[in-house]
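A.B. asks: One structure follows; several queries about it will come next.
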Amino acid sequence: MRVSGERIKRTRLIQTEKYVVAVEVEMVIPPDDPSEPCYEAETVKFLQEVKDLAERDEVNWLKQHGKVYAAVGAA
């Protein structure tokens, strides 16, 4: 079910031990409570999928859906 309201795009960062993945997601500003944008269920599932795949080193999939940054060890 889609939430009614204004839709905006935002970049979200998903962090794991080895990667940070920047993905663009859609948020909704509901007319009942415009104080804070919220995620729809599909967006929450997508963000969890990004995290799960980052933890499994699925870099090719991640690169198709966002920008992937790798952690570099301290010198």
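A.B. asks: Consider a paramagnetic label point 7 Å from the Cα of Gln48 along Cα→Cβ; state which residues of region 11-30 have an amide N under 17 Å from it.
C.D. replies: 14-15
A.B. asks: Let me ask something else about it. Among (1) 19, 54, 24, 3; (2) 17, 47, 22, 9, 4, 1; (3) 19, 42, 25, 11, 2, 0, find the value of P(r) over Cα pairs in 10 Å bins from 0, in percent that was calculated from the structure presented, and write down its label.
C.D. replies: The listed entry that was calculated here is (3).
None of the figures in this text is laboratory data; all of them are computed from the coordinates on show. Since this is a predicted model, take the numbers as computed values, not measurements. Cβ coordinates were reconstructed from backbone atoms using ideal geometry, including for glycine residues, and neighbour counts include every protein chain displayed.
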